[in-house]
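Shown next, in structure tokens, is the structure this report addresses.
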Amino acid sequence: MAKQIQAIRGMNDILPTQSPVWQKVEAVLRASVASFGYSEIRTPIVENTDLFKRSIGEVTDIVEKEMYTFADRNGDSLTLRPEGTASTVRAGNEHGLLYNQEQRLWYMGPMFRHERPQKGRYRQFHQFGVEVYGIKSADIDAEVLMLSASLWQKLGLTEHVSLELNTLGDSDERAAYREALVAFLEQHKDKLDEDSQRRMYSNPLRVLDSKDQQVQALLADAPALMDYLGEDSKAHFARLCELLEAVGIQYRVNPRLVRGLDYYNRTVFEWVTDSLGAQGTVLAGGRYDGLVSQLGGKETPAVGFAMGLERIVLLLETLELNADVAAEVDVYVTAMGDDCVIEAMKIAQELREKLPKLKVMSHCGGGNFKKQMKRADKSGAGFALIIGETELANNKVAVKPLRGDGAQQDVERQALADYLAELIK
Ligand code: ATP
Ligand code: MG
């Protein structure tokens with residue numbers, strides 16, 4: 001036998017048994033963004049490598065070690081997108097969507113990062129994200145958080161996630177803070193892990209995000225960014241907190257929340273869960289007023305978030321909230337003999353036209369009654385339609401319940417759609 005080829009490590013198939021949960025999640029996301037008036041943007045999966053280097057930042061996990069970068073046939077350096085914000089800004093600038101306009105956008109699709117695969121962490125994964133451009137004030141920060149909260153509500157996850165919030169101030173405030181932080185870290189250099197020692201000068205704020213226990217303990221005494229904020233940044237944050245309280249969104253201020261990408265300023269946030277172990281962040285984002293101009297556009301305020309779909313699906317599975325996904329088939333149509341097959345095909349088609357929501361599967365491939373009933377059962381359908389010589393002669397269809405103990409009924413072909421509509425609601 002020929003050797004089988006396997007999928008790439010960390011890149012998953014979503015199998016037919018799993019896709020109903022995915023579709024449910026995707027449907028909830030689409031419905032939510034629609035109800036907030038957001039528009040979809042779709043960008044290519046591959047971009048010029050420089051786009052990510054210039055936006056995400058050279059000294060970040062993503063750019064330092066996680067990108068899938070390769071040379072195109074003409075030698076250009078291309079990268080499989082590791083996230084969606086950079087591409088959205090690139091497209092917005094390129095098509096003139098951002099200058100002097102407001103845009104409320106969303107996207108959904110695969111992202112690629114060369115990470116060590118583990119539960120909740122993969123090399124191809126999917127993100128849903130929203131990005132809003134052109135609004136400076138904190139009400140829009142509150143709106144994107146309301147949108148995210150509405151997702152949890154619709155998915156039944158509200159009790160299982162919590163919001164962590166912080167502010168990074170503006171770039172000059174962060175520069176002042178950075179100096180104070182570096183001075184503090186220098187005093188305690190010997191207690192820093194290797195990564196933190198390296199980042200102390202290149203990207204010291206990222207040290208706050210260190211997963212190392214000893215570093216985290218040390219940071220309890222580090223200077224706090226909050227103390228370096230100017231009046232405007234303070235007012236922005238206070239207004240956001242006020243709005244969140246007014247709409248009933250609970251949050252915890254976490255002064256160590258800095259996020260792994262360079263482009264954020266002011267508001268940053270993460271929705272976290274303790275039901276998934278180490279990979280507990282299910283949605284993350286913030287404000288990034290500098291990015292549009294950094295990528296060649298005009299100064300444009302911006303705020304957004306990205307949510308990892310694998311972690312949401314895992315969470316729904318872990319909490320056993322994935323059970324209510326609809327069956328793939330409602331009605332399985334069987335037919336005995338060649339003439340009956342023709343009528344059965346027509347009946348199935350009539351039903352699909354009259355009842356667009358009804359899921360009708362036709363038996364194909366022949367076989368005796370017993371075999372066809374076995375298939376009907378396996379399909380998960382609630383009812384089998386039986387079309388044999390007798391039914392054909394009488395212009396009737398037998399409707400056989402496959403679950404529970406209802407009795408089989410002969411139904412006039414003309415009345416079949418109404419009969420089924422009544423049965424399957
Ligand atoms: P982490 O600290 O877990 O590495 P991150 O800061 O790199 O997360 P973001 O770039 O903010 O994550 O991405 C937003 C969300 O996308 C994450 O909160 C997570 O839900 C999801 N995500 C990120 N990387 C992966 C991955 N490799 N596999 C699955 N989901 C991921
Ligand atoms: Mg990461």
For THR167, other-chain or 5+-apart residues with amide H closer than 5 Å (H placed, Pro excluded) are VAL268
In nm, the gap between the two label points placed 7 Å beyond Cα toward Cβ at MET345 and LYS425 is 3.6
Any DSSP H helix in the chain with Cα axial reach of 15 Å or more and mean Kyte-Doolittle score of at least 0.5? Listed by number, the hits are 138-155
For GLU102 and ARG30, extending 7 Å from Cα along the Cα-Cβ vector and measuring point to point gives, in nm, a value of 2.6
Quick calc, the chain, dipole around Cα centre from Cβ unit charges on Lys, Arg (+) and Asp, Glu (-), nearest 20 debye, gives 1140
Within the range 279-349, DSSP-loop trypsin sites (Lys or Arg not before Pro) with at most 12 other C-beta atoms within 10 Å are LYS298
Expected vector for the range 211-221, Karplus 3J(HN,Hα) from phi with 6.51, -1.76, 1.60 and θ = phi - 60°, integer Hz, x for Gly and Pro, equals 8, 6, 4, 5, 5, 4, 4, 4, 5, 3, 9
Taking alpha-carbon centroids only, the range 165-187 lies from the range 288-366 a number of Å equal to 47
The range 329-422: relative contact order from alpha carbon pairs under 8 Å, six or more residues apart, as a whole percent, is 30
Descending packing, highest mean Cβ count within 10 Å first, for 413-424, 264-275 is 264-275, 413-424
Applying the gyration tensor rule to the Cα atoms of the range 329-422 (axes a ≥ b ≥ c; rounded if a/c under 1.5, else prolate if a/b exceeds b/c, else oblate), the class is rounded
Taking every alpha carbon pair in the chain and sorting the distances into 10 angstrom bins from 0 up to the bin holding the longest one, the percent per bin comes out as 4, 18, 24, 20, 13, 10, 7, 3, 1, 0
Full extension between ARG116 and LYS234 adds, at 0.36 nm per residue less the Cα distance, a length in nm of 38.6 nm
Taking placed amide H atoms and a strict 5 Å upper bound, the residues 5 or more places from TYR68 or on another chain that come that close are LEU80, HIS114
Scoring the chain by relative contact order with C-alpha pairs under 8 Å, at least six apart, yields a percentage of 15
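Computed from the coordinates by the stated procedures, all read-outs in this text should not be read as laboratory data. Remember, predicted model here, so these are calculated numbers, not experimental data. FYI the Cβ positions are ideal-geometry reconstructions off the backbone, even for glycines, and counts take in every protein chain you see.
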